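Report on the following structure.
The values are calculated or read from the model by the stated rules, or taken from the named source; none is laboratory data. Predicted model, so just to flag it, every value in this text is computed and none were measured. Note: ideal-geometry Cβ built from the backbone for every residue, glycine included; neighbour counts use all protein chains shown.
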Amino acid sequence: MIILIKLILAHLLGDFLLQPDSWVKAKETRKLTSWQIYVHSLIHFALILLLIFDITFLVPALLIALFHFLTDIVKVFIQSISTKRTIFLADQVVHFLFIFFIWICYCNPILPNIQTFESYLILVTFIYGITQPSSVLIRIFISRWSPEPGASNDSLEKAGNWIGILERLFVFTFVVAGHWEAVGFLLAAKSVFRFGDLKESKDRKLTEYVLIGTLLSFGIAMLVGIIFMRVTTGSLP
């Protein structure tokens, strides 16, 4: 099980933390002529070897990196502005399925008792998953309803992104601690703070946009919290 967690962590780090937006744009515009698409796959390969730290895992690591490279090539050639969200989600699903396939083939997994170090690594992976990767997923999903580019925006730079990350961390903590009532309190508190802005805007589209983003953010955090409890204890909170 710990091998699978490490592979997932390597993917999340390589695809989100260590891949700047400029690299994504370069791959989309220059495709095979962009050096970023090759370095990106090498980073995945290096992360897997670093986290697994076992030379006998060299071939599986190479297969995952190569498959990642091939899927990225397919993605940049078939996606368009209208299909970008769908292709992104499909790409992530394919990556995770292949990682799971490699884990099954090479590790012959039998779920062991989770040791202290393994528990910490699982916790770090789940927490990181609800921060930047979740922000990217939510942003892509609701991008079709984003406010007009020319609309006034008096908010702090990237404030919405950080608010979303913090609220998901709080929700995840409450779920793991078994305090579901605190999740309801947090949602109510955010609604109160947001009510004034939404009322003044008199924009039904903005209200719906914020509501969709909030529900997605809370939903992802609760789902990840439940899965974490299931993985680590075998029980639901």
By residue number, the members of region 34-80 that are in a loop (DSSP other than H, G, I, E, B) and within 21 Å of the chain's Cα centre (by Cα) are Gln79
Cβ pairs under 8 Å, 6+ apart or interchain, first in region 149-171 and of a type outside the set (Val, Ile, Thr), second modelled with pLDDT of 70 or more and assigned to a loop (DSSP other than H, G, I, E, B), ordered by first then second residue, are Arg168/Ile130; Arg168/Thr131; Leu169/Ile130; Leu169/Thr131
The lone condition Lys25 fails out of (1) closer than 19 Å to Lys6 by Cβ; (2) in a helix (DSSP H, G or I) is (1)
Of the residues in region 163-178, those that are more than 15 Å from Pro133 (Cβ to Cβ) and assigned to a helix (DSSP H, G or I) come to Ile163, Leu166, Glu167, Phe170, Val171, Thr173, Phe174, Val175, Val176, Ala177
Would you say Ser80 is farther than 19 Å from Gln19 by Cβ and in the same structural domain as Pro20 (by TED's automatic domain parsing)? yes
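Here's the yes/no breakdown for (1) among the acidic types (Asp, Glu); (2) surrounded by fewer than 20 Cβ atoms within 10 Å (Cβ to Cβ); (3) over 25 Å from Ile142 (Cβ atoms); (4) touching a residue at least 24 places away in the same chain (Cβ under 8 Å):
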residue: Ile2; (1), (2), (3), (4): no, yes, yes, yes
residue: Lys6; (1), (2), (3), (4): no, no, yes, yes
residue: Val24; (1), (2), (3), (4): no, yes, no, no
residue: Phe45; (1), (2), (3), (4): no, no, yes, no
residue: Ala61; (1), (2), (3), (4): no, no, yes, no
residue: Ile73; (1), (2), (3), (4): no, yes, yes, yes
Notebook entry, point to check: Does Lys31 fit the bill of being more than 15 Å from the chain's Cα centre (by Cα), in a helix (DSSP H, G or I), surrounded by 18 or more Cβ atoms within 10 Å (Cβ to Cβ) and at pLDDT below 95?
Noted result: no
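Just checking, does region 84-92 include any residue being over 20 Å from Tyr128 (Cβ atoms), at pLDDT below 90 and in a loop (DSSP other than H, G, I, E, B)?
Within region 84-92, none of the residues are over 20 Å from Tyr128 (Cβ atoms), at pLDDT below 90 and in a loop (DSSP other than H, G, I, E, B).
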Taking first residues from region 208-237 that are on the phi < 0 side of the Ramachandran plot and assigned by TED's automatic domain parsing to the domain that holds Thr131 and second residues anywhere that are aromatic (Phe, Trp, Tyr) and at pLDDT below 90, the pairs with Cβ under 6 Å that are 6 or more apart or on different chains are Tyr209/Trp145
So, Phe126, is that one under 30 Å from Val59 (Cα atoms) and either surrounded by fewer than 16 Cβ atoms within 10 Å (Cβ to Cβ) or modelled with pLDDT under 75 (or both) or not? no
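For (1) under 30 Å from His68 (Cβ atoms); (2) modelled with pLDDT of 90 or more; (3) of a type in the set (Ser, Thr, Tyr), each residue gets a yes or a no:
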{"position": "Asn108", "(1), (2), (3)": "yes, no, no"}
{"position": "Leu111", "(1), (2), (3)": "yes, no, no"}
{"position": "Thr116", "(1), (2), (3)": "no, no, yes"}
{"position": "Ile122", "(1), (2), (3)": "yes, no, no"}
{"position": "Val136", "(1), (2), (3)": "yes, no, no"}
{"position": "Arg144", "(1), (2), (3)": "yes, no, no"}
{"position": "Pro147", "(1), (2), (3)": "no, no, no"}
{"position": "Leu156", "(1), (2), (3)": "no, no, no"}
{"position": "Phe172", "(1), (2), (3)": "yes, yes, no"}
